[in-house]
1. Output the residues belonging to segment 1-24 that are part of a loop (DSSP other than H, G, I, E, B) and either at positive phi or in contact (Cβ under 8 Å) with a residue 60 or more places away in the chain (or both).
2. So which residues in segment 113-136 are within 28 Å of the chain's Cα centre (by Cα) and crowded, with 19+ Cβ neighbours inside 10 Å, if there are any at all?
3. Kindly indicate the residue of segment 117-147 that is without any contact (Cβ under 8 Å) to a residue 24 or more places away in the chain and not in a loop (DSSP other than H, G, I, E, B) and also farthest from Trp61 (Cα to Cα) among those meeting that condition.
4. Does Thr241 qualify as being without any contact (Cβ under 8 Å) to a residue 60 or more places away in the chain, assigned to a strand (DSSP E or B), polar (S, T, N, Q) and farther than 30 Å from Ala117 by Cβ?
5. Going through segment 105-130 one residue at a time, which ones are closer than 25 Å to Gln30 by Cβ and touching a His at 6+ places or on another chain (Cβ under 7 Å)?
6. With respect to Gly220, is the statement that it is assigned by TED's automatic domain parsing to the domain that holds Gly265, under 21 Å from Gly262 (Cα atoms), in a strand (DSSP E or B) and under 39 Å from the mean Cα position of the chain (by Cα) true?
7. If you take the residues in segment 152-188 that are among the polar types (S, T, N, Q) and over 18 Å from Val226 (Cα atoms), which one is farthest from the chain's Cα centre (by Cα)?
8. Just to be sure I understand the filter: pairs with C-beta atoms under 8 Å, separated by 6 or more residues or on different chains, first member in segment 25-45 and of a type in the set (S, T, N, Q), second member part of a strand (DSSP E or B). Which pairs pass?
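The values are calculated or read from the model by the stated rules, or taken from the named source; none is laboratory data. Computed from a prediction, not measured in an experiment: that's the story for all the values here. Positions of Cβ are backbone-derived with ideal geometry, glycine not excepted, and every protein chain shown enters the neighbour counts.
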Amino acid sequence: MELYLVRHGAAADATDPQWANDRDRPLTPQGVKRFRREARGLAALGAGVEVMLSSPCRRAWRTAELLAEDAGWPAPVECAALEPGRPPAEVLAALQPYSSSTAVALVGHEPSMHQLASYLLTSETQHAAIEFRKGSVARLQLDESLRPVSAEMPEAVQKAVARIGENCEPALTTVMFMAGAGGSLRAGVTENPIRLTRSIKEALVRVTSGGAPVYIWPGGGITYMVDVAAMPDNAFGYVPTPAIVAPIEFTMRLDDYRDLGGHMGSVRPVEEVIEQLQVTAPRMGNG
């Protein structure tokens, strides 16, 4: 037997005084809308039953009706054993007359649904930590004695799981470093530091930190944030101020650098810098 355990959809607040009798609490409009989608999803997965037993409480009964309307399941049959607080033994006794059915659905409440699932799987109501949110559906395969047995995942469900797995990306934990470029740093770039700040705001200057792209915060000065994982190893230093220091680069056209008052006498062609590095780099011996 395929056994489907269904918790009712989202219902009206139990503390609302207009629902003094808890049995009368209805599904919310949003709860109906969401569960209709779930019912259609079950139909798309090929899930069907021969018998559907439901708690007579209004919220559960309406959930069962939605399964009949949108999933094509049979009309619900009232089952007092599925009312809130009933033990798993009573539910199994109520299920016994349908043991020859190939597929049965039980529509009920929490904590009864997860207790029943745990009882079937472990013979104890609390051993299996199963979370049954509103509108949740669980499928178990049972033998003739109503004991769970292993079963292959239905093909339609396998496809859905494979698609979910295909779209799962690895989790990432990183550190965002936030810092500011003070006046003395900017003076090392230009004779008039405010021009550098304005050129950055006007997108004439690209700012990076260790080659990694940065986010420039709005407002005065140059305050930026960078993903540490995108920076090279050993990019950070320390000074006795105390302070952590990080590399920062300003990239721009040569004409723009001249216009903002840059130290043109210190400008060197890239080829010259590379050649100098090659000359000064230590050579490795053979021994």
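1. Within segment 1-24, the subset part of a loop (DSSP other than H, G, I, E, B) is 1, 8-10, 12-16, 20-21.
Result: Met1, His8, Gly9, Ala10.
2. We begin by selecting, within segment 113-136, every residue within 28 Å of the chain's Cα centre (by Cα); these are 113-115, 117-118, 126-136.
Residues satisfying the conditions are Met113, His114, Gln115, Ala117, Ser118, Phe132, Gly135.
3. Ranking the qualifying residues of segment 117-147, first place goes to Thr122.
4. no
5. Quick first cut of segment 105-130, residues closer than 25 Å to Gln30 by Cβ only: 105-114, 130.
Val107, His109, Ile130 - these are the residues of segment 105-130 that are closer than 25 Å to Gln30 by Cβ and touching a His at 6+ places or on another chain (Cβ under 7 Å).
6. On the way: assigned by TED's automatic domain parsing to the domain that holds Gly265: yes; under 21 Å from Gly262 (Cα atoms): yes; in a strand (DSSP E or B): no; under 39 Å from the mean Cα position of the chain (by Cα): yes.
No; evaluated as a whole, the condition is false for this residue.
7. The first filter runs over segment 152-188 and keeps only residues among the polar types (S, T, N, Q), leaving 158, 167, 173-174, 184.
Applying the additional criterion that residues be over 18 Å from Val226 (Cα atoms) yields 158, 167, 184.
Values: Gln158: 21, Asn167: 12, Ser184: 44 Å.
Only one residue fits best here, namely Ser184.
8. Qualifying pairs under 8 Å: Thr28/Ala11.
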